[in-house]
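Q: Once you've had a glance at the structure underneath, I'll fire off some questions.
Read-outs throughout are calculated quantities, based only on the coordinates presented, and are distinct from any laboratory measurement. Remember, it's a predicted structure, so these values are computed and weren't measured experimentally. Every residue, glycine as well, gets a Cβ built from its backbone with ideal geometry; the counts of neighbours run over all protein chains shown.
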């Protein structure tokens with residue numbers, strides 16, 4: 001199988017930024033021909049008939065996007081999403097790989113579950129799935145999972161996502177022990193007592209709606225604790241779904257002090273505020289909750305100045321019935337895989353990030369954090385996303401590949417999408 | 001003016017004109033309850049369902065009596081007697097009720113926003129009889145009716161609401177409605193019970209109760225729920241009564257003709273002393289009496305009675 005992606009604007013931050021052709025043979029990149037060099041190269045494959053000759057003129061060609069925070073729901077909650085449907089949604093959104101969170105049933109706290117997820121993903125043959133294993137067995141916060149065996153089985157990180165690790169001593173030991181296996185510790189930062197039974201952000205909107213609020217401090221207090229533990233243990237820490245100004249400030253300061261902390265935020269935190277909840281919109285309910293405008297601005301600033309390293313969706317599919325209930329009874333979370341790229345490209349249009357800065361946050365940095373290679377280098381695996389910046393579409397959840405329909409962006413006119421997604425040399429998505 | 005709203009969900013969406021129409025209609029309804037035969041035929045053939053998903057005595061009874069005095073057929077169901085104990089969702093239960101063609105559904109529910117969800121799927125009118133911590137519009141309207149009856153107008157009155165503002169749907173509805181009608185509203189109570197951003201309604205917060213009630217025209221006391229102690233909202237009933245309770249000495253700092261109100265049920269000796277609850281300024285039982293008239297007005301306006309029959 002020989003594929004040429006020709007004439008696209010190839011951006012591999014720190015490596016390539018020019019119009020070039022990429023030649024893929026079987027699963028690998030075999031040649032990268034910059035247009036400026038075109039005359040000098042032998043163009044070894046020129047006369048060979050390509051199985052696919054893809055015209056990427058005017059498009060952006062980047063190392064495959066990676067979403068490091070996704071709930072695939074399988075095993076156990078296949079009515080919400082399966083590994084196959086989740087991966088189908090991922091490649092449609094331009095993602096060549098996703099990290100799957102461990103709050104499945106059973107919880108991914110054993111090598112058997114990790115191996116099951118990887119084998120299911122292979123069978124689906126769409127996006128790569130890098131499992132995140134549980135920090136503690138059953139997400140119970142009472143002990144350490146077997147990180148050594150989990151790593152060997154293919155886990156790339158550990159997290160009790162969905163639940164905070166309340167016990168500080170356990171968090172300390174988890175960070176210390178995970179260091180030995182180069183497993184990234186991803187923290188869901190939330191003080192459960194402060195968050196209490198809150199259903200949305202605490203503020204004017206929650207007061208008007210008569211809904212229990214979750215204060216910003218419920219997140220930042222744990223961000224600060226985990227930074228302190230990270231400093232103590234001299235390990236690495238990744239903060240999941242940052243939503244508040246105080247968290248951004250704490251992470252910025254920690255980075256200045258040389259602490260190895262990284263952070264992600266999700267498109268909804270830089271796109272929406274808690275006013276999206278008005279009229280009791282359960283599709284705007286997630287944890288952490290949508291915050292105020294001041295927080296949204298702080299997130300944008302954090303993205304712009306590098307405090308926030310990655311954009312991840314926290315893709316959380318739910319069945320229709322789990323959202324079509326009273327607001328306080330509705331489950332937390334929204335789907336994100338099929339809208340993330342478009343919403344994030346808005347950051348470029350707003351001047352918050354350069355195009356290459358965006359590719360860093362959606363592709364290169366997530367790869368580096370979970371320890372996988374994702375560069376346009378001859379001989380590397382061909383995981384490639386071709387982005388059409390100008391293509392616009394209306395979000396219609398009925399057409400999602402994800403089983404989840406829970407999005408606050410239904411009906412939105414979005415601009416920019418994945419035109420083609422290639423995983424290991426295989427074309428897994430072509431935009432219609 | 002004709003009343004065109006399908007539902008009564010909150011005070012926030014009612015205009016000054018609509019509120020005035022409701023209060024004027026309620027004033028006229030009041031006399032019916034004084035007659036030897038307390039019944040008029042205006043809603044004969046109309047079906048009203050009271051769906052109370054949370055315990056209630058006075059509100060449910062008040063709606064029930066109001067419906068019967070207008071000759072409507074009124075059926076009452078509660079959560080424990082409904083299929084919801086069998087796991088049916090609220091929307092499904094409501095759609096099944098709808099299939100039996102009621103004209104009005106009165107909903108009391110523990111979840112804020114529940115009536116909105118139903119109003120979107122039901123053709124029947126929905127009256128919010130209290131949703132979570134959100135709103136309780138018929139209570140605010142009967143409070144406004146009572147204030148207007150005693151003072152002539154709401155405009156320009158200094159009205160103080162004291163207690164657990166954060167968890168009170170009565171407070172939210174009254175704040176919204178009273179400010180709309182031109183009153184100056186002050187809220188007071190322990191800082192733990194004042195919700196974030198409440199000033200956004202255009203009201204003042206004063207956690208010093210003595211200062212808050214000075215020169216008040218109306219003092220509205222809210223019920224303190226004992227179980228809130230476990231959420232660290234106040235140390236004890238004893239201390240609450242001492243710092244935030246309404247007693248005779250405190251009443252004396254308000255205006256000479258102050259009105260003392262309470263949505264009930266009262267914790268005597270906690271938020272209010274016996275002598276104040278039963279004292280000369282208390283209009284607590286007038287509120288209850290007016291509640292029936294006010295709810296008759298809501299049924300009458302929603303069931304289209306105004307378009308057919310005139311009670312005058």
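Q: Can you tell me how the stretch A:86-210 classifies by the Cα gyration tensor, rounded, prolate or oblate, using a/c under 1.5 as the rounded cut?
A: Oblate, because a/c is 1.5 or more while a/b does not exceed b/c.
Q: Also, I was wondering about something else. Based on DSSP, what percent of beta bridges with both residues in the stretch A:1-157 are antiparallel, to the nearest 5?
A: Just about 50 percent of them are antiparallel.
Q: Rounded to two decimals, what is the ratio between the C-alpha radius of gyration of the stretch A:129-281 and 2.2 N^0.38 Å?
A: Dividing the Cα Rg of the stretch A:129-281 by 2.2 N^0.38 Å gives 1.09.
Q: Given a Förster distance of 56 Å, report the FRET efficiency between residue A:119 and residue B:256 from their Cβ-Cβ distance, rounded to the nearest 0.05.
A: 0.10
Q: May I pose another question? Run through the DSSP bridge list for chain A and note the antiparallel percent, rounded to the nearest 5.
A: 55 percent
Q: Report, in whole Å, the centroid distance computed from the Cα atoms of the stretch B:119-155 and the stretch B:168-188.
A: 12 Å
Q: Viscosity 0.890 mPa s, temperature 25 °C: Stokes-Einstein D of the stretch A:135-208 from its Kirkwood Cα radius, in µm² per second?
A: D = 180 µm²/s.
Q: With a 10 Å Cβ neighbour count serving as the proxy for reagent exposure, in which order, fewest first, do B:237, B:199 appear?
A: B:199, B:237
Q: Restricting everything to alpha-carbon atoms, can you work out Rg to Rh for the stretch A:300-432 with a Kirkwood hydrodynamic radius?
A: 0.99
Q: Right, here's the next one. Semi-axes, largest first, in whole Å: what does sqrt of 5 times each Cα gyration tensor eigenvalue give for the stretch A:185-251?
A: Rounded to whole Å, the semi-axes are 26, 10, 8.
Q: Something else about it: Mind jotting down the distance between the C-alpha centroids of the stretch B:278-299 and the stretch A:218-253, whole Å?
A: 54 Å
Q: Place a point 7 Å from Cα of residue B:38 in the direction of its Cβ. Which residues in the stretch B:92-113 have their backbone N less than 20 Å from it?
A: none
Q: Calculate log10 I(q)/I(0) of the protein assembly as shown for q = 0.08, 0.09 Å⁻¹, where I(q) comes from the Debye formula with a single equal point scatterer on each Cα and nothing for solvent.
A: Debye curve over Cα of the protein assembly as shown, log10 I(q)/I(0) at q = 0.08, 0.09 Å⁻¹: -0.74, -0.88.
Q: Given a 10 angstrom Cα cut-off, can you work out which residue in A:240, A:157, A:319 is the most mobile in a GNM of chain A?
A: It is A:319.
Q: Compute the FRET efficiency between residue B:150 and residue A:410 as 1/(1 + (r/R0)^6), taking r as their Cβ-Cβ distance and R0 = 45 Å, and round to the nearest 0.05.
A: 0.35
Q: Continuing with this model, one more query. Can you tell me which of A:398, A:375, A:191 moves the most in a GNM of chain A? Springs connect C-alpha atoms under 10 Å apart.
A: A:398
Q: Another question, then. State, to one decimal in nm, how far the label point of residue B:58 lies from the label point of residue B:88, with both points 7 Å from Cα in the Cβ direction.
A: Simple spin-label model gives 3.2 nm for this pair.
Q: In nm², what is the average projected area of the convex hull enclosing the Cα atoms of the stretch A:64-370?
A: About 13.9 nm², averaged over all directions.
Q: Next up: Return the average number of partner chain Cβ atoms within 10 angstrom of each residue Cβ along peptide A:23-30.
A: What the average comes to for A:23-30 is 0.
Q: For chain B, what is the Kirkwood estimate of the hydrodynamic radius, computed as the reciprocal of the mean inverse distance between distinct Cα atoms, to one decimal in Å?
A: Averaging 1/r across every pair of different Cα atoms and inverting gives 19.9 Å.
Q: Can you figure out the FRET efficiency of residue B:75 with residue B:227, using R₀ = 22 Å and their beta-carbon distance, to the nearest 0.05?
A: FRET efficiency, residue B:75 to residue B:227: 0.10.
Q: Using alpha carbon centroids, what distance separates the stretch A:328-399 and the stretch B:237-270, in Å?
A: The distance from the Cα centre of the stretch A:328-399 to that of the stretch B:237-270 comes to 59 Å.
Q: While we're here: Average partner chain C-beta neighbours within 10 Å, per residue of B:107-113?
A: That works out to 5 on average.
Q: Can I ask one more? Considering every residue in A:318-327, what mean count of other chain Cβ atoms within 10 Å of its Cβ is obtained?
A: Mean partner shielding for this stretch: 4.
Q: Here is a follow-up. Hey, fewest Cβ within 10 Å first, where do A:269, A:50, B:240 land in order?
A: Going from least to most buried by this count: A:50, B:240, A:269.
Q: If you count the DSSP beta bridges with both ends in the protein assembly as shown, what percent of them are antiparallel, to the nearest 5?
A: 35 percent
Q: Of the residues A:411, A:86, A:336, which exhibits the maximal mean-square fluctuation in a Gaussian network model of chain A defined by a 10 Å Cα contact cut-off?
A: Judging by the Gaussian network model, the answer is A:411.
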